[in-house]
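Undergrad: One structure, as structure tokens, below. Some questions next.
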Amino acid sequence: MQKENSMWSKLAFNRETMIKLFSLVSVIVISCVFCVMSPAFLSRRNLLNILKDLSPVLMLACGEAFVLMLGSIDLSTGCIASCAAVMLTVLLGKIGPAAYLVVLGYGVFAGLFNGVAHTYLQIPSFIATLSTQAIWQSCAYLLSGGQPLAMLPDIWPYVNWGKASFFECVPLLFVVAFLVLLAYTVISKYTGIGKTVFAVGSNERATWLMGQNVRLAKMLAFLMSGLGAAIAGIFFAVKLKSRIPTVGVQYNMLGIAAAVLGGVQMTGGRGSVFMTLLGALLITIIQNGMNVIGVDGLWQQIIFGALMLAAIFMNSDKDHKGLVVK
Amino acid sequence: MDKQVHTSRVGEEFAQEMKKQSQKERFMSLAPLIILLVLIVIFSVTAQGFFSINNFYNLLNQAAIPLVMSLGLTFVILMGSTDLSAEGLGGFIGSVVALMVLNSKNDMNLGAFAIPLVVLISIGVSMLSGLLHIKGKLPSFMVSYGVSSIMSGFAVLSYRGVPARIRDPLFTVMAQGNFLGIPYLTWIAIVTFVIAYILQNRTRFGSYVMAIGDNEAIAKNIGINIEWTKFKVFVWLGLCIGIVGVMGAVRVGQGDVGIGSDLVFPAITSVVVGGTSLSGGKGGVVHTLIGAFIVTVINNALVLLGVSPYIQQAVQGLIILGAVALSVPHGKNLIVK
Amino acid sequence: MERKLLMSMKNIVKQYPGTLALNDISMDIYAGEVLGLIGENGAGKSTLMKIMIGAETATSGELRMHGKNYAPKNPIEANALGVGMVFQEQSLILNLSVAQNIFIGREKRFIRHGFVDRKAMNEAAAKVLAEMEIPQIKASTRVNRLDFASRQMVEIAKVFDAVNGEAKEGSVILLDEPTSVLNAEEIRQLFKHVRRLCAAGNAVIFVSHKLDEVMEIADRICVFKDGCLVREMENRAEEVNEAVLYEAMVGRTASNEYYQLGRQRMPEETVVLELKNLSKRGFFADVSLQLHRGEIIGICGVIGSGKEELCAVISGDEDPTSGEIVIGGKVCKLPSPHSALRQGILSVPRERRAGGIISDFSAYENIYMSNYDKVKKNGVISPKLAREQAEEYRKELDIKLPNVDQKVGNLSGGNAQKVVFARVLASDAEVLLLDHPTRGVDVGAKAEIYSIIRDIANQGKSLIVLGDTLEESIGLSNRVVVMKDGEVTRIFDAPPEKKPEQVDIVKYMM
């Protein structure tokens, strides 16, 4: 028993590295495969598309990473993004650019709502966010009248920045996303409260007894997740220039998958917010590549489901601290 | 040695606190029934057409599919796990069964045999999903979500965009006919409930599921084969999802992945609101029955009140939040993840 | 009268990595007797019982039951061979009926056509309950409807049926702290049942920290200490009293130098922390205490005295039900250890690995966990600064680490505890609560920790210590507070030149 534990422990330290290595290798291998199948894959234009598609996934992932680091989970991110996307489209027509601020505020609110449900009402995160997922999806439907709708030309000036790019292959969208990622990374690694988030995931009881503010850390994590989702929603709306109430639904789990593929441990306490970039890249490349070579969207769904199972499997904590897996 | 054994003031206080707690629990277990009755009264007053034989008849039928689904989930939740695979798997079963009987897209005509066949497929998928959880030690909700995603894809793949319309007369009969005044689909729900009740109360399996959900370590010490019991729970779940998939296809008349949507959430709501605890070991099929009625009553009333269908999901979400907040233990140093 | 030997244990050793839990235990258990087992937490009683019930296997040694070799692989096998245990935490499934609980795992005989014949099961259960003279408990009632005493009876019935069904030669029944949730009348009932079981040719092993109860019911008493069976005696009034038992359980002798009495100083006049009629319903009541600057107070009491809960309340981990905590003259509410720390209170928990350190973090990260501000530069955490400070503590406290980046999960007890103390020092907390600070620490490190404690007190901070042993509490403290059954029974002055005797203190603990 003792030997087995230490072998897995050694692997555990390297599990994070193992997953990151896996993702990195996959990115390279898969890129090569797609490249061979269709040279258009590596064109400047496609790179632009990849980075554009990457941006919202990255936002979902880096926010989700905070919650995963706690040892909890946020299943509502995709639907917060849907609601945010619709909200932006609707509000831009009514109050102009101030809509961006309102939507960001909504992200904060949604995140805090999750936080309160989990931290103060002590509802397990998975059921709390499953419920808020339904609430925000309903809101998305209500705000959009249930139908996808293209953005009217009078608000195009407010979203044209989504078209801007540098050197024809790095979109402004990605630059913004990257800056947000940096901010999130700094908060997670160099602030006290960020440290507390890690600590809570690693050993909540000890963190509590050591005098750290566990409640605040949990609220912060959900706030980051909600805000990240709202930013993703903004990106979706700007990219697509239309409001699609279901735009974020499939991303509920993809954000988690991206974080996990970037090395974040699902039981909490370990992982890097910055590395979610790697996981998001892997997912986006698969998505993009499949589009380029013409794979049916249905297969994409199947493949993503399988990818998620693989990610969870690699991530699973075989020497988990004795907790029963429910 | 005749020294008197005594208890202290603090000891008596402790015993009193324990008693208060167990009284509170007794009250809480009656709460769902009271809530159902209160809701019926409120809606009878506020919603036009709610309090009528016709509407109650509708309610019974509307509850059929959610009830069967909830019964499948009940044992999973009693055990302390969760499962979200119904959305994809249910949609898949519904799509596939339509393609197996007389339909508008191919030449298959398996007739009544299609039903047990797809139910077996459903059990098979659920068993696989269960194995990943049991043997692979992966959290059940993550595995099931992945499975749901995959099966959803296969569902749409199976009919390639255009759902098959069912032409088999058996299905038409099932959809529209009734026995002793009660529609066949509702009968299926009633029979499933009876079976679930027997499973819970008259088999070892039922006791073991309760034991595992209450305290897995104790269950192990008692000698219960935990893995085997968990496996059987997933078999039952697969059975219920299969039945629901078929019921959905019957109702809709075609094989559509949409059969799966709106299965999971109302089912979880029903189970939780009915009083079955998410952490396991508490509740049961009767609780779920009450919960399913609460959910159906609310949905029914919302429609009668003219509330937008989009709000239904949000309402259910809020209900779950409320129900769980009330039923979950509270304490400042409790660890909740 | 010839006593029949039921179980015999010879030279039982149980080694865990890093700890010797049982050291060469030999014991015989005879039919018709009640054997009382006492000892402090960690003395080895629970380990021995786990081995007896098959939940653990001995590292070496021989067990025999009814004359045959006895090595059960799990509790079920143990039951079949005639050994049953009623665990301290009730092991009933609350949502099942009494009958279902009694027969859980053994329903085979009630199966008709694949289904459980509930009626037959209820009847069989009723018979068992009648045999135990508790027919008032109905077999079909759900366990969560019963009060604690009835649940305890059902537990015993369950174990007895599991065990007795098979072995007619006399069973051994282990009761682990069975009276913690019972009132006086219920305890009397329990003792009646115990005597009945013994009269029928079985043996009962009664484990409890309530020495008065053990003295009432046991025929023989075995005392465990530090993994050894240190005393075995017949329970006769002339020989056995609480002081004798307690002395056997915890008595140790050590020189004055051990606790560095020379460094013990008189505390100042200022009161840093005051408790006014602090109560937590069901755990402790009306505790009033004043803690002065530079003072070390030791709280003594057996398990159930309320001292641990009191410390949990002071540290912010639990809430009191009434009374006040006054810090620096202000009445304070402490909703969390975080708010307690803001007021200058920090605790060193008893469970080091679960509550004192974060195993996956490095030493330097652990050290700044209670005070981020100390390692911040320009508002953000500077790992460089943190490492430097950690280095200083490493030298000051002589923590054996290759470097401060080492993950603390692998450190020995003593070194991990020093990391905890480093964190506590870095936190600048003024009032410290030390819960068994030297538990699981080797002798050398113990001395160093006493030195650290003296340093802290002499720097003007105040400490409340729950000592590992009574002797440690007396040796370290300026004053000794004795608690019993949730109340403060006596406060002793413990100046270095005139320390109170253990015997005097024990009187107020029992």
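The values are calculated or read from the model by the stated rules, or taken from the named source; none is laboratory data. Keep in mind that what you see is a predicted model, and the values were worked out from it rather than measured. Note that we place each Cβ from the backbone using ideal geometry, even for glycine, and neighbour counts take in every protein chain shown. Surface accessibility is based on the protein's heavy atoms, side chains included, excluding ligands, DNA and RNA. Shrake-Rupley method; radii C 1.70, N 1.55, O 1.52, S 1.80 Å.
Undergrad: Along the Cα→Cβ direction, 7 angstrom out, place labels at residue A:36 and residue B:117. What is the inter-label distance in nm?
TA: 4.0 nm
Undergrad: Another question, then. If each of residue C:230 and residue C:501 carries a label point 7 Å out from its Cα toward its Cβ, how far apart are those two points in nm?
TA: About 1.8 nm, to one decimal.
Undergrad: Related question: Positive end of the dipole of segment B:1-156, charges at C-beta (+1 Lys, Arg; -1 Asp, Glu), about the Cα centre: which of B:39, B:11, B:127 has its Cα farthest in that direction?
TA: B:11
Undergrad: Can you list which of the GluC sites (Glu not before Pro) found in segment C:166-242 are DSSP loop residues with at most 14 other C-beta atoms within 10 Å? Show your work: numbers first, answer last.
TA: Numbers: sites: C:166, C:169, C:185, C:186, C:213, C:216, C:232, C:234, C:238, C:239, C:242; in loops: C:166, C:169, C:238, C:239.
The qualifying sites are C:166, C:169, C:238, C:239.
Undergrad: Right, something else. Below 8 Å, C-alpha to C-alpha, sequence gap of six or more: please give me the relative contact order for chain B in percent. Please report the intermediate quantities before stating the final value.
TA: Values: 507 pairs, mean separation 102.2, N = 337.
It rounds to 30 percent for chain B.
Undergrad: Principal axis lengths of segment B:99-217 from Cα atoms, whole Å, largest first?
TA: 53, 40, 18
Undergrad: If the cut-off is a Cα-Cα distance under 15 Å, which aspartates and glutamates reach residue C:418, setting aside same-chain residues fewer than 8 apart in sequence?
TA: Within the straight-line cut-off, residue C:418 pairs with C:351, C:365, C:391, C:392, C:396, C:398, C:435, C:442, C:448, C:455.
Undergrad: Moving on. How high is the FRET efficiency from residue A:163 to residue B:37, r the C-beta distance, R0 60 Å, rounded to 0.05? Intermediate results must be reported in sequence, preceding the final value.
TA: Numbers: r = 59 Å, r/R0 = 0.99.
Efficiency, rounded to the nearest 0.05: 0.50.
Undergrad: Convert each backbone phi in segment C:116-127 into a coupling constant with the Karplus relation 6.51 cos²θ - 1.76 cosθ + 1.60 (shift: θ = phi - 60°), then list the ³J(HN,Hα) values in order as whole Hz, x for Gly and Pro.
TA: 7, 7, 4, 5, 4, 5, 5, 5, 4, 5, 4, 4
Undergrad: Tilt of helix B:264-273 relative to the longest C-alpha principal axis of chain B, in degrees (0 to 90, nearest 10)?
TA: Once rounded, one gets 30 degrees.
Undergrad: Any idea what the alpha-carbon Rg over 2.2 N^0.38 Å comes to for segment C:394-436? Walk me through the intermediate numbers first.
TA: Working: Rg = 11.0 Å, N = 43, 2.2 N^0.38 = 9.2 Å.
Normalised by 2.2 N^0.38 Å, the Cα Rg of segment C:394-436 equals 1.19.
Undergrad: Rounded to whole Å and ordered largest first, report the semi-axes of the equivalent ellipsoid of segment B:176-281 derived from its Cα gyration tensor (root of 5λ).
TA: 31, 16, 13
Undergrad: Please compute the length gained on full extension between residue B:182 and residue B:334, using 0.36 nm multiplied by the number of residues separating them and subtracting their Cα-Cα distance.
TA: Details: separation 152, 0.36 × 152 = 54.72 nm, distance 4.83 nm.
Gain on stretching residue B:182 to residue B:334: 49.9 nm.
Undergrad: Using a 1.4 angstrom probe and counting only protein chains, how large is the accessible area of residue B:208 in Å², to 10?
TA: So the heavy atoms of residue B:208 present about 40 Å² to solvent.
Undergrad: Let me ask you something else. Can you tell me the order of B:210-216, C:218-224 when each peptide is scored by its average per-residue count of other Cβ atoms within 10 angstrom, highest first?
TA: Numbers: B:210-216: 24.7, C:218-224: 22.1.
Ranked by mean Cβ neighbours within 10 Å, highest first: B:210-216, C:218-224.
Undergrad: Across the residues of B:12-21, average count of Cβ atoms on other protein chains within 10 Å? Mind showing how you got there, number by number?
TA: On the way: counts 3, 9, 9, 8, 3, 4, 4, 2, 0, 0.
What the average comes to for B:12-21 is 4.
Undergrad: OK, next. On a straight-distance basis, which aspartates and glutamates could pair with residue C:127 in a cross-link, Cα separation under 12 angstrom, same-chain partners fewer than 8 positions away excluded?
TA: Candidates past the 8-residue exclusion: C:161.
Undergrad: List for segment A:159-199: residues with 40 Å² or greater reduction in accessible area, all protein chains versus chain alone, probe 1.4 Å?
TA: Correct list: A:190, A:192, A:195.
Undergrad: With a 10 Å radius around each residue's Cβ, average the other Cβ atoms per peptide and rank A:39-47, A:254-262, highest first. List each step's numbers first, then the result.
TA: Working: A:39-47: 14.6, A:254-262: 29.4.
The most tightly packed comes first, giving A:254-262, A:39-47.
Undergrad: Follow-up question, since we're still on this one. Would you mind getting the accessible area per residue of chain B, heavy atoms of the protein chains only, 1.4 Å probe, in Å²?
TA: About 42 Å² of surface per residue is accessible.
Undergrad: Charges only on Cβ, +1 for Lys and Arg, -1 for Asp and Glu: so what's the dipole of the protein assembly as shown about the Cα centre, in debye to the nearest 20?
TA: Details: 108 positive and 96 negative charges, 572 e Å.
For the protein assembly as shown, the charge dipole is close to 2740 debye.
Undergrad: Ignoring ligands, DNA and RNA, what accessible area per residue does segment C:5-250 give at 1.4 Å, in Å²?
TA: On the way: 9780 Å² over 246 residues.
For segment C:5-250, the solvent-accessible area averages 40 Å² per residue.
Undergrad: I need the Debye-formula profile for segment B:125-184: one equal scatterer per C-alpha, no solvent, reported as log10 I(q)/I(0) at q = 0.24, 0.27 1/Å, two decimals.
TA: Values, matching the q order: -0.88, -0.99.
Undergrad: Ok, one more. Just checking the output field for B:80-87: average partner chain Cβ neighbours within 10 Å of each residue's Cβ?
TA: Numbers: counts 3, 2, 5, 0, 3, 0, 0, 0.
Shielding by partners across B:80-87 averages 2.
Undergrad: Counting only protein heavy atoms and rolling a 1.4 Å probe, how much accessible area do A and C lose on contact, total for both sides, in Å² to 100? If you can, show how the numbers build up before the last one.
TA: Values: alone 15300 and 23550 Å², together 36670 Å².
Counting both chains, the buried surface is close to 2200 Å².
Undergrad: Can you find, among B:336, B:234, B:61, the residue farthest towards the positive end of the dipole of chain B? Put +1 on the C-beta of Lys and Arg, -1 on that of Asp and Glu.
TA: In chain B, that residue is B:336.
Undergrad: Under a Cβ-only charge scheme (Lys and Arg +1, Asp and Glu -1), can you give me the dipole magnitude of segment C:350-428 about the Cα centre, in debye to the nearest 20? Walk me through the numbers before you get to the answer.
TA: Working: 14 positive and 11 negative charges, 21 e Å.
The calculation lands at about 100 debye.
Undergrad: What fraction of the Cα pairs in segment A:58-315, stated in percent, has a spacing above 21 angstrom? Numbers along the way, then the final one.
TA: Numbers: 18963 of 33153 pairs.
Value for segment A:58-315 (Cα pairs over 21 Å): 57 percent.
Undergrad: Can I ask one more? If you count only protein heavy atoms with a 1.4 Å probe, what accessible area per residue comes out for segment A:209-326, rounded to a whole Å²? Please report the intermediate quantities before stating the final value.
TA: Details: 3460 Å² over 118 residues.
On a per-residue basis, segment A:209-326 sits at 29 Å².
Undergrad: With n ≥ 4 as the cut-off for DSSP H runs, can you work out [θ] at 222 nm for chain A, using -39500 (n - 2.57) per run divided by the number of residues, rounded to the nearest 500? If you can, show how the numbers build up before the last one.
TA: Details: 13 runs with 238 residues, N = 326.
The per-residue figure over chain A is -25000 deg cm²/dmol.
Undergrad: Using only the Cα atoms, what convex hull volume per residue in Å³ does segment C:82-230 have? Walk me through the intermediate numbers first.
TA: Details: hull volume 18.3 nm³, N = 149.
Looking at segment C:82-230, the number lands at 123 Å³ per residue.
Undergrad: How large a share of the accessible area of the protein assembly as shown, in percent, is made up of carbon and sulfur atoms when the probe is 1.4 Å and the other protein chains stay in place?
TA: Details: 27900 of 46820 Å².
About 60 percent, which is the carbon plus sulfur part of the accessible surface.
Undergrad: To the nearest 20 debye, what is the magnitude of the charge dipole of segment A:191-326 about its Cα centre, counting +1 on the Cβ of each Lys and Arg and -1 on the Cβ of each Asp and Glu?
TA: On the way: 11 positive and 4 negative charges, 76 e Å.
Computed about the Cα centre, the dipole is about 360 debye.
Undergrad: Let me ask something else. At each listed q (0.17 Å⁻¹), what is the log10 of I(q)/I(0) that the Debye formula gives for segment A:167-232 modelled as equal alpha-carbon point scatterers?
TA: Here log10 of I(q) over I(0) equals -0.65.
Undergrad: List the residues whose amide H sits under 5 Å from the amide H of residue C:270, counting only those 5 or more places along or on another chain, with H placed 1.01 Å from N in the peptide plane.
TA: Amide H neighbours of residue C:270, under 5 Å, 5+ apart: C:293.
Undergrad: Continuing with the same structure: Using Cα pairs under 8 angstrom and six or more residues apart, how large is the relative contact order of chain A, in percent? Write down the numbers at each step before the final one.
TA: Details: 563 pairs, mean separation 115.2, N = 326.
Once normalised by length, the contact order is 35 percent.
Undergrad: In degrees between 0 and 90, to the nearest 10, how far off the longest principal axis of chain C does helix C:383-397 point, with axes built from Cα atoms?
TA: Helix C:383-397 sits at roughly 80 degrees to that axis.
Undergrad: OK, next. Count, for each residue of C:301-309, the Cβ atoms from other chains sitting within 10 Å of its Cβ, then give me the mean as a whole number.
TA: Mean inter-chain Cβ contacts per residue within 10 Å come to 1.
Undergrad: Also, quick follow-up: Mind jotting down the distance between the C-alpha centroids of segment C:2-76 and segment C:350-381, whole Å?
TA: Distance between centres, Cα-based: 42 Å.
Undergrad: Provide, for q = 0.04, 0.06, 0.09 Å⁻¹, the log10 of I(q)/I(0) from a solvent-free Debye sum over equal Cα point scatterers in the protein assembly as shown.
TA: Log10 I(q)/I(0), no solvent term: -0.25, -0.57, -1.23.
Undergrad: Also, I was wondering about something else. P(r) for segment B:48-166: what percent of alpha-carbon pairs falls in each 5 Å bin, starting at zero?
TA: Per 5 Å bin, starting at zero, the Cα-Cα P(r) for segment B:48-166 comes out as 2, 11, 15, 18, 16, 14, 11, 9, 4, 1, 0 percent.
Undergrad: Could you give P(r) for chain C, binned at 20 Å from zero, as whole percent values over all Cα-Cα pairs?
TA: P(r) over chain C, rounded to whole percents: 20, 47, 29, 4, 0.
Undergrad: So, one more: For chains A and B, what's the summed buried accessible area, probe 1.4 Å, to the nearest 100 square angstrom?
TA: Numbers: alone 15300 and 18310 Å², together 29240 Å².
Approximately 4400 Å² gets buried when A meets B.
Undergrad: Which peptide among B:301-314, C:464-477 comes first, and what is the full order, when sorted by highest mean count of other Cβ atoms within 10 Å?
TA: Numbers: B:301-314: 16.3, C:464-477: 23.4.
Going by the mean number of other Cβ atoms within 10 Å, highest first, we get C:464-477, B:301-314.
Undergrad: At 7 Å along the Cα-to-beta-carbon direction for both residue C:290 and residue A:182, put a label point, then send me their distance in nm to one decimal.
TA: 5.9 nm
Undergrad: Shifting gears a bit: Using each residue's phi in segment C:462-469, evaluate 6.51 cos²θ - 1.76 cosθ + 1.60 at θ = phi - 60° and report the 3J(HN,Hα) Karplus result to the nearest Hz, with x for Gly and Pro.
TA: Working through the residues one at a time gives 10, 10, 10, 10, 9, x, 4, 10 Hz.
Undergrad: For chain B, what does the helix formula give at 222 nm: sum of -39500 (n - 2.57) over DSSP H segments with n ≥ 4, over the residue count, nearest 500 deg cm²/dmol?
TA: On the way: 14 runs with 240 residues, N = 337.
Result for chain B, helices only: -24000 deg cm²/dmol.
Undergrad: With point charges of +1 on the Cβ of Lys and Arg and -1 on the Cβ of Asp and Glu, referenced to the Cα centre of segment C:5-250, which listed residue (C:95, C:41, C:190) lies farthest in the positive direction of the dipole?
TA: C:95
Undergrad: Then there is this: Take the alpha carbon atoms of chain B, find their radius of gyration, then divide it by 2.2 N^0.38 Å using N residues; give the quotient. Walk me through the numbers before you get to the answer.
TA: Details: Rg = 22.2 Å, N = 337, 2.2 N^0.38 = 20.1 Å.
Ratio of Rg to 2.2 N^0.38 Å for chain B: 1.10.
Undergrad: What fraction of the Cα pairs in segment C:350-428, stated in percent, has a spacing above 18 angstrom? Could the numbers behind the result be given before it?
TA: Working: 943 of 3081 pairs.
That tail contains 31 percent of the Cα-Cα pairs.
Undergrad: Still on this structure, I have one more. Pairs to check: C:45/C:507; B:230/C:119; A:195/C:461; B:220/C:4; B:20/C:333. Give those whose C-alpha atoms are more than 30 Å from each other in this structure.
TA: Listed pairs above 30 Å: B:220/C:4.
Undergrad: Turning to a different aspect of this structure: Nearest 500 deg cm²/dmol is fine: what mean residue ellipticity at 222 nm does chain C get from its DSSP H runs of n ≥ 4 alone, each adding -39,500 (n - 2.57), divided by its residue count? List each step's numbers first, then the result.
TA: On the way: 16 runs with 162 residues, N = 510.
Computed ellipticity for chain C at 222 nm equals -9500 deg cm²/dmol.
Undergrad: Just to verify a number: FRET efficiency for residue C:326 and residue C:491, C-beta to C-beta distance, R0 = 22 Å, to 0.05? Numbers along the way, then the final one.
TA: On the way: r = 18 Å, r/R0 = 0.81.
It comes out at approximately 0.75.
Undergrad: To the nearest 0.05, how large is the calculated FRET efficiency for residue C:138 and residue C:200 if R₀ is 25 Å and r is the Cβ-Cβ distance?
TA: Numbers: r = 24 Å, r/R0 = 0.98.
In this case the efficiency is close to 0.55.
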